[in-house]
Structure formats: structure tokens, C-alpha cells
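Asks: Next up is a structure, given as C-alpha cells.
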Amino acid sequence: MTETQALMATLNASPRRAPAPRLWRRLLRKPEAVVSIVFLGVVTAIGVIYPRLRPDVVTQFAGDATGMLSGPSSAHWLGTDGLGRDVFERLLAGAGPTMEGVGITVLVVLLLGMPIGMIAGFFGGRVDAMINWGSDLVLSLPGLIIQLVVLAVYPANQWLAMGAFGILYAPRLARIVRSVALSVREELYVDAAIVSGVSWTFILTRHVLPRVTGSVVVQMAIVAGIALQVQTGLAFLGLLVPAPAPSWGGLIADGISNIALQPWLIWPAGLATVLTTLAFGVLADSLRDAGAEGWSRQGSRLLLAARRRPASGSGKPAVGAAPPEDAGPGSDVLLAVEDFGVAVTKPSGGETLLVEGVRFEVAPGEIVGLVGESGCGKTTTATAVMGLLPDGAHVTSGHIWYGGRDLTALSEAELRRIRGKEIALVSQEPMVSLNPAFRIGWQLAEVVRRHQSGLSRADAERRAVDLLRSVHLPDPEQVARRYPHELSGGMAQRVSIARALAGDPDLLIADEPTTALDVTVQAEILDLLREIRHERGMAILLITHDWGVLADMCDRAVVMYAGQVVEDASIEAVFTRPLHPYTTALLEANPQHGAAEEMLPTIPGVVPSPGDWPVGCHFEERCGHATAACGEHGVPLEIPAPGRLCRCIHVDRPALLTLETVDHGGER
């Protein structure tokens, strides 16, 4: 599991799994949604059950001849119609054909629109073009006339009439599903499934279908409301439900015909139709809002308050006291992270720490490497520097000083002025960060104009080509005219670096910039970063798992484990005299040191997940030097020598210079 996946798993963690999906849990917290669901459920149940309990109401041609067109009374709660029949009984029985017509339409739209939209969006190309052409053709047909023709050929056939309406409406749903499927098709996990030889049916049902379900559910509530109006209208004209069977549209027609004698008769069926339509509309709005709440951000006041809220519910000792507001690093430090902590709020209450007590500095023009296993907090720390923590995560302690400013105290508007202009990011997946719908030159020009005001479109485009040339892309003019899918992985990474340079930043955060690239391209990207640092004097915070890259590129190394910095030293000191057992273990497990005929040493166990950290030293369970004292309390980050930091109570023990934590083929 990658560090980002571990973070998202923590965000979604809950001590007890509820049986209902999260969408429905959010929906049921809305009173208006609950009322709508209960109302629609009661109406549907009455429509299914009552005609079977009272079939005589369905076949009743006449009622009490002495009580025709009477108003509400104890004998007839809603009065009687022009033939003396009880309006309340006919209203209940009429719910059956009314809701049946709605169900037919929803079923047809769902069975046609969803698969057609998924196929069009997923396969694209000619399949998409043909489906779009067919959809345009169907949408151009006059729906009401087609329904009347169907009813003329097959009188009072509700299945065919409402089914025809469903066929005519299905292209609208198909287009909505297609737009969602198009975005899913671009996801890397879909490409991985295709390369793995997984069947199209499996991909569509397991990867695409879950992503389109939310949009489809909302649309179905809307379709149901529209279908109710269509069914009632056709029944009002006497085209769907033959006499003497009741329907809401038929009851409204009876009321209209007798409005001069008994105006009350139009109200029962009219109100039932209005309330049911309103319930479908409220349910659709509630579904939309419940879905949006799953991705919405917290309010700015909550975020600012969370940044200053002490960590709670984590079971961990408090991180060191924060410095006073006027404190900060010296002028010789560009970035300083001081006793920094990040946590997520659990759905059940309380917080789970993701990183705590993180401390390191980056000087102007310096390259600092963040190294450690996946899940140790490297990417979380880097995203916090950019002010890009995911929803639910917040700063619990400490400060991030940049150019004399505390980034944790800045507003979102102030952070936007820093991102790209002063601090830039190069991600490990450049293809994901580039918009597939626009050309490379256009995307770079937009970033240039964002950070350099007053530039014309032509000047920005020329600047974009210059940026592509600065990262040594051959024929930059041609590359600027290409789309992201026309680039190789190495070219895309160079474009990503060029975009990061558009604002001429002082600090570049490179999150594993050579991941998934072949060895030759990796060397070229590293040479490019080294050249940029030399020419621009730009500092680089490099996140990597590769000790070879660390030794080749960096001036200092910051080793992280389970959310903490465990060692900070110069590259030479880390490689020649590591102080922390975890650093020693990582060096011994470096594949570049392994002999061809020997078992590669490994570190036993795994990195504990956030929330499962030990009370004392986080590395205690995997460390061969651990003693009882290691688990008693939190271990502070101390200065064992000038220019070095280490988080270990046994830092002065000579035995730490030899590795006892590794597992040689299962032997300790």
C-alpha cells in the first residue's frame, strides 16, 4: 500500500462498519429525505396491496345513486364522484396503475441508458460516435406523438406507452453516464486491469459501474417525477386506464367534468399527484446533496480552528510546545518544519495522528531528501507544506516557516499566491497531473499567465516553448502542439518539471520524480534536476525510496518512520555512520548492496498504520536493540552531534553501528 493509499484508508476508517452504504447513511440524516422516502414507500405499498385487497373497487361501475357528488363525510372521507363511488377508495386503488407507470419508465430508462452510456464512454471511438448519433436521432423524435401512435395501435396498454416514453428518455441518462465513464476510462487502475487481461465485462461492472451509480440514482428520482406527470396526463385523457378502473389522472378528469357541481373532486387526486411529484424532487435533491457532502471541504473557520487544536484521542503524548508567534528560522533557512503534526478526524469521534513531531530544514539552493518506507508520512508532510492536505486532515501542532511566514497560519487565498510561484510540485504521476483534453503548450501558457501578469497570449505561448526547451525536450514547438497521451513517460515528466518552473519558484518539491521510468530516463531526469538547481539556485525537497538517488542528488537526508523524523544528517554522515537502527536497516536492505548469490536482508514486520503506533519508540517492535525503556514513553528528537538529529534513547551505543534488525531469509 502506498503512502497516499494509507492516508485515505485512515480517513475512511471507522471502528464499526455500518451495514448501509455511506451515501444512504448521509441521506437518512436529512429529515426531508426521510419524509420523502416514507411517503413514497407508503404510496407504493398502497398501490401494490390495496387493489388486491379490494378488487371490487377496480371493477365498480356505479356506487350509491342517492349520494352522488357529495362532499367529505364520515361515511365517505373524501366524498363521492358523479356515479356515487367513494373517492377515497378509488384514490387508494388508483395509486396502483399510477406507480406502475412510473416503475415501467424508470426500469426501461435504467436498463437502456446505463449500459449504453457505459459502453459509449468506456470504448469511445466509433462505438461512441455511433451511440451518440443514435441518441441524437431518438432525442429528435416527437415523444408525445409517438406515445399517441402507440396507444392508437395498442389502446390502453400502459406497458407499451410508458415503455415507449422510457425508450425516448434513455438517451438523456446515457449521456450523463457516458460523461462519467469517460473520466473513469482515463484512470490508471483501469489501464492496469486491461493490461492484466481482465475481461471487459469485469471492468465495466467492477470499475465503471460503481462510479456511475451515484449519478444514476439521482437521475432516476428525477425521471420518476417526470414519468408520474406523463402517466397522469395520459390517464387524464383516458388513454391509459380503461373504465371503470381508477387512476389519479382519471379522478382529476372526473373532477374537471363536474367542477361546476362539486369543485372539491379535483383536489384529492390533484394533491396526491403534486405531493408525490414533490417527494420525488426532494428525494433527488437530497441524493445530490448527500453525494456532494462526501467530497465537500470543511469550512475555512473549522480548518483554521483545527490548525490550532491540540491532538486528542490519539493516545500519544503531546508534541513539544510550539514556539512563540514571533519565532522563526534564521535568514539562512528557506524552509523550516518545526514540531509539525497532522491528524484526521475519525467518523466515530477523536483523531488519528498521521505525522507528529516532524522537524527539518531546507537552506536556499540545498537538496534535502525525504526517505523511508511507504506509509511513513513523507507525502503527507510534503502536501502539508503546499497546504494541500486532503479533506478531514488538519494541522495539530507546530509550524511550517517559509521565507519568514508561517504557512500553517495563512489563508487559502494567501497559499494560492505561494503555490507555483514560490513553491512548486513535481508529482510521481505526470500523466495524471496533465489534462488530457488540452494541448501541452496551452496548459503551460495558462500557468505562465497565472504567475506572470500582463503577458499576452502569444508571449505566454512563447514562454511555454522556452520552458520546454529548458528541460531539454527535442523540438519543443512540436511538443507544445501535442496532447498528453502523445508523450512518453519521460517526456511527460519533463513537461511536469517545465510547468513547475513556470513561476520561477525558490523551492521545488519532487515526489518520487523517477518512479516508473527506465534507468536511462531516470538518470536524465536527475541530471535535469541537478542542472536546474545549479542554474537557478533553487532548493529541492526530494521524496524517494532509492538510496542511490539520495546519494547522487542530495546534500542531506531526512529519514522518516511511522510519521516521525528519526534521523537528520548530511549524506556523508548517513552513509558512513548512521545513528538510528532504522536508518541502518534501510541501508543494509538497499538492493544495490546485495550480492547476486545472497539473500537480500529485509526488515521484519511492517510499518504500523496511523492509530496503531506504539506509545514509545515507533520502531520498537522491529528493532533488534529495543529494551523495556523504549516502550515507556515517547522518544524526543535530540541533537547527538552538531548538524545531526536522531530519535533514539540508545543513540550512544556502539552496537547500533551493526545491524541486528534485518531478516536474512527468515533467520534473525
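Asks: Sort out which residues of the stretch 596-632 are more than 37 Å from the chain's Cα centre (by Cα) and closer than 19 Å to VAL355 by Cα, and write them in order of number.
Replies: GLY631
Okay, residues lined up against (1) open to solvent by 30 Å² or more (accessible area, probe 1.4 Å); (2) in contact with a Gly (Cβ under 7 Å, 6 or more places away or on another chain):
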| site | (1), (2) |
| --- | --- |
| LEU83 | yes, yes |
| GLU89 | yes, no |
| LEU111 | yes, no |
| GLY117 | no, no |
| TRP133 | yes, no |
| PRO142 | yes, no |
| ILE146 | yes, no |
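Asks: Can you confirm whether ARG178 is modelled with pLDDT under 95, closer than 30 Å to PRO210 by Cα and surrounded by 20 or more Cβ atoms within 10 Å (Cβ to Cβ)?
Replies: Yes; evaluated as a whole, the condition is true for this residue.
Asks: What residue, among those in the stretch 366-381 that are open to solvent by 10 Å² or more (accessible area, probe 1.4 Å) and small (Gly, Ala, Ser), is nearest to PRO636 (Cα to Cα)?
Replies: Across the stretch 366-381, the extreme among qualifying residues is GLY375.
One line per residue, one yes/no per condition, for (1) modelled with pLDDT under 90; (2) over 26 Å from LEU28 (Cβ atoms); (3) surrounded by fewer than 16 Cβ atoms within 10 Å (Cβ to Cβ):
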{"site": "PRO263", "(1), (2), (3)": "no, yes, yes"}
{"site": "ALA269", "(1), (2), (3)": "no, yes, no"}
{"site": "PHE280", "(1), (2), (3)": "no, no, no"}
{"site": "ALA284", "(1), (2), (3)": "yes, no, no"}
{"site": "ALA290", "(1), (2), (3)": "yes, no, no"}
{"site": "TRP295", "(1), (2), (3)": "yes, no, yes"}
{"site": "GLN298", "(1), (2), (3)": "yes, no, yes"}
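Asks: Restricting attention to the stretch 119-131, which residues are within 28 Å of the chain's Cα centre (by Cα), of a type in the set (D, E, K, R) and open to solvent by 60 Å² or more (accessible area, probe 1.4 Å)?
Replies: The answer is none; no residue qualifies.
Asks: While we're on this one: For LEU517, all conditions in the list (1) at pLDDT below 90; (2) open to solvent by less than 20 Å² (accessible area, probe 1.4 Å) hold save one; what is the number of the exception?
Replies: All conditions are met except number (2).
Asks: Here are some conditions: (1) over 23 Å from the mean Cα position of the chain (by Cα); (2) open to solvent by 60 Å² or more (accessible area, probe 1.4 Å); (3) modelled with pLDDT of 80 or more. PRO210 meets all but one. Which one does it not meet?
Replies: Failing condition for PRO210: (1).
Asks: Filter the stretch 117-159 down to the residues that are among the hydrophobic types (A, V, I, L, M, F, W, C), touching a residue at least 24 places away in the same chain (Cβ under 8 Å) and closer than 16 Å to ALA235 by Cα and list them by number.
Replies: Those that are among the hydrophobic types (A, V, I, L, M, F, W, C), touching a residue at least 24 places away in the same chain (Cβ under 8 Å) and closer than 16 Å to ALA235 by Cα: LEU148, LEU151, ALA156, TRP159.
Asks: Find the residue count for the stretch 382-398, including only residues that are over 19 Å from LEU508 (Cα atoms) and either of a type in the set (Gly, Ala, Ser) or crowded, with 22+ Cβ neighbours inside 10 Å (or both).
Replies: Number of matching residues: 7.
Asks: Here is a follow-up. Exactly one condition in (1) in contact (Cβ under 8 Å) with a residue 12 or more places away in the chain; (2) under 25 Å from the mean Cα position of the chain (by Cα); (3) surrounded by fewer than 21 Cβ atoms within 10 Å (Cβ to Cβ) is false for ARG416; which is it?
Replies: (1)
Asks: Does the stretch 350-367 include one or more residues that are under 24 Å from TYR561 (Cβ atoms), within 23 Å of the chain's Cα centre (by Cα) and in a loop (DSSP other than H, G, I, E, B)?
Replies: Yes, the stretch 350-367 has at least one match.
Asks: Can you tell me which residue in the stretch 488-511 is nearest to the chain's Cα centre (by Cα), limited to those that are modelled with pLDDT of 85 or more and not in a helix (DSSP H, G or I)?
Replies: Looking at residues that are modelled with pLDDT of 85 or more and not in a helix (DSSP H, G or I), I get ASP511.
Asks: Identify, by number, the condition in (1) surrounded by fewer than 17 Cβ atoms within 10 Å (Cβ to Cβ); (2) farther than 25 Å from ASP475 by Cβ; (3) touching a residue at least 60 places away in the same chain (Cβ under 8 Å) that GLN428 doesn't meet.
Replies: (1)
Asks: Sticking with this one: So, of the residues in the stretch 39-81 that are touching a residue at least 60 places away in the same chain (Cβ under 8 Å), more than 20 Å from VAL274 (Cα to Cα) and of a type in the set (A, V, I, L, M), which turns out to be least open to solvent (accessible area, probe 1.4 Å)?
Replies: VAL57
Asks: Out of curiosity, is ARG556 open to solvent by 10 Å² or more (accessible area, probe 1.4 Å), among the basic types (Lys, Arg) and under 27 Å from VAL342 (Cβ atoms)?
Replies: Spelling it out, ARG556 is indeed open to solvent by 10 Å² or more (accessible area, probe 1.4 Å), among the basic types (Lys, Arg) and under 27 Å from VAL342 (Cβ atoms).
Asks: Could you list, in sequence order, all residues of the stretch 607-640 that are within 22 Å of ALA557 (Cβ to Cβ), without any contact (Cβ under 8 Å) to a residue 40 or more places away in the chain and in a loop (DSSP other than H, G, I, E, B)?
Replies: CYS617, VAL635, ILE639
Asks: Of everything in the stretch 337-365, what is under 21 Å from VAL574 (Cβ atoms) and either surrounded by fewer than 20 Cβ atoms within 10 Å (Cβ to Cβ) or without any contact (Cβ under 8 Å) to a residue 40 or more places away in the chain (or both)? Give them in sequence order.
Replies: Hits for the stretch 337-365 are ARG359, GLU361, ALA363, GLY365.
Asks: Okay, moving on. If the Cβ limit is 9 Å and pairs must be 6+ apart or interchain, which residue in the stretch 376-391 that is in contact (Cβ under 8 Å) with a residue 12 or more places away in the chain and at positive phi pairs with which residue that is open to solvent by 10 Å² or more (accessible area, probe 1.4 Å) and in a loop (DSSP other than H, G, I, E, B)?
Replies: Taking only residues 6 or more apart or on different chains, the pairs are GLY377/PRO610; GLY387/LEU410.
Asks: Checking GLU477 against (1) under 22 Å from ALA510 (Cα atoms); (2) open to solvent by 10 Å² or more (accessible area, probe 1.4 Å); (3) in a helix (DSSP H, G or I): exactly one of these is not met. Which one?
Replies: (1)
Asks: Go through the stretch 181-193 and report how many residues are modelled with pLDDT under 75 and surrounded by fewer than 16 Cβ atoms within 10 Å (Cβ to Cβ).
Replies: Here the count works out to 6.
Asks: Further, regarding this structure: Where residues in the stretch 459-487 are over 32 Å from the mean Cα position of the chain (by Cα), acidic (Asp, Glu) and over 17 Å from VAL447 (Cβ atoms), which of them is modelled with the highest pLDDT?
Replies: GLU477
Asks: Something else about it: Output the residues belonging to the stretch 381-413 that are at pLDDT 85 or above and of a type in the set (Asp, Glu).
Replies: The answer is ASP406, and nothing else.
For every residue, the table says whether it meets (1) more than 24 Å from ILE532 (Cα to Cα); (2) assigned to a strand (DSSP E or B); (3) not aromatic (Phe, Trp, Tyr).
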{"site": "GLU373", "(1), (2), (3)": "yes, no, yes"}
{"site": "PRO390", "(1), (2), (3)": "yes, no, yes"}
{"site": "HIS394", "(1), (2), (3)": "yes, yes, yes"}
{"site": "ILE400", "(1), (2), (3)": "yes, yes, yes"}
{"site": "GLU414", "(1), (2), (3)": "yes, no, yes"}
{"site": "ARG417", "(1), (2), (3)": "no, no, yes"}
{"site": "ASN435", "(1), (2), (3)": "yes, no, yes"}
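Asks: Ok, one more. Does GLU524 count as over 23 Å from GLY643 (Cβ atoms), at pLDDT below 90, more than 35 Å from the chain's Cα centre (by Cα) and charged (D, E, K, R)?
Replies: no
The values are calculated or read from the model by the stated rules, or taken from the named source; none is laboratory data. These numbers were taken from a predicted model, which means no experiment stands behind them. Glycine also receives a Cβ, built like all others from the backbone with ideal geometry; neighbour counts cover every protein chain displayed. Note: areas computed on protein heavy atoms with side chains; ligands, DNA, RNA excluded. Shrake-Rupley method; radii C 1.70, N 1.55, O 1.52, S 1.80 Å.
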